[in-house]
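Just below is one structure, and these are the notes that go with it.
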Amino acid sequence: MRAIITVKRGDRPVPFGSVVREVQSGVTSMAGDDGQIYLSGLPLKGNLLIQWGDGKGSQCRANYSLPEESLKQAVVMATATCS
């Protein structure tokens, strides 16, 4: 599954260049402008660990859930909130 997930922390996007890892599958990526993250090989549901520095204050987690019908699409667009 390929997706572009836009992740926000509060009302702001996660920082540009943040390292992103889907916890279960280990798929990794980086955050682009406006918190957009392109990921390939995702499970339908999961948890993203997003890090932009050292320490707990420089990371957050975002749960996501993609609809099953998205398996028929080339790339799925989704949003998630990081806390």
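The values are calculated or read from the model by the stated rules, or taken from the named source; none is laboratory data. Only a predicted model underlies this, so the values are computations on that prediction, with no experimental measurement involved. Cβ coordinates were reconstructed from backbone atoms using ideal geometry, including for glycine residues, and neighbour counts include every protein chain displayed.
Which residues, taken from the range 37-63, are of a type in the set (Lys, Arg) and at pLDDT below 95?
As a first pass, look at the range 37-63 and keep what is of a type in the set (Lys, Arg): 45, 56, 61.
Lys56 - this is the single residue of the range 37-63 that is of a type in the set (Lys, Arg) and at pLDDT below 95.
For the range 20-31, enumerate the residues that are assigned to a loop (DSSP other than H, G, I, E, B) and either among the β-branched types (Val, Ile, Thr) or closer than 20 Å to Lys56 by Cβ (or both).
Of all residues in the range 20-31, those assigned to a loop (DSSP other than H, G, I, E, B) come to 23-27.
If the condition is that a residue be assigned to a loop (DSSP other than H, G, I, E, B) and either among the β-branched types (Val, Ile, Thr) or closer than 20 Å to Lys56 by Cβ (or both), then Val23, Val27 are the ones that fit.
Conditions tested, residue by residue: (1) surrounded by 13 or more Cβ atoms within 10 Å (Cβ to Cβ); (2) of a type outside the set (Phe, Trp, Tyr).
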position: Ala31; (1), (2): yes, yes
position: Tyr38; (1), (2): yes, no
position: Asp54; (1), (2): no, yes
position: Ser65; (1), (2): no, yes
position: Glu69; (1), (2): no, yes
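Checking the structure you have, find out if any residue of the range 8-19 is buried (at least 16 other Cβ atoms within 10 Å of the Cβ), touching a Leu at 6+ places or on another chain (Cβ under 9 Å), modelled with pLDDT of 95 or more and not in a loop (DSSP other than H, G, I, E, B).
No, that holds for no residue.
All but one of (1) surrounded by 13 or more Cβ atoms within 10 Å (Cβ to Cβ); (2) in contact with a Gly (Cβ under 9 Å, 6 or more places away or on another chain) hold for Leu44; which doesn't?
(2)
What pairs come out if I take residues in the range 1-27 that are touching a residue at least 60 places away in the same chain (Cβ under 8 Å) and pair them with residues that are of a type in the set (A, V, I, L, M, F, W, C) and part of a loop (DSSP other than H, G, I, E, B) whose C-beta lies under 6 Å away, six or more apart or interchain?
Pairs that qualify, where the first residue is touching a residue at least 60 places away in the same chain (Cβ under 8 Å) and the partner is of a type in the set (A, V, I, L, M, F, W, C) and part of a loop (DSSP other than H, G, I, E, B), are Met1/Leu42; Arg2/Val75; Ala3/Leu42; Val7/Val14; Val7/Cys82; Arg9/Cys82; Val14/Cys82.
Quickly run through the range 57-77 and pick out the residues that are under 18 Å from Phe16 (Cα atoms) and not polar (S, T, N, Q).
We begin by selecting, within the range 57-77, every residue under 18 Å from Phe16 (Cα atoms); these are 57-62.
Matches in the range 57-77: Gly57, Cys60, Arg61, Ala62.
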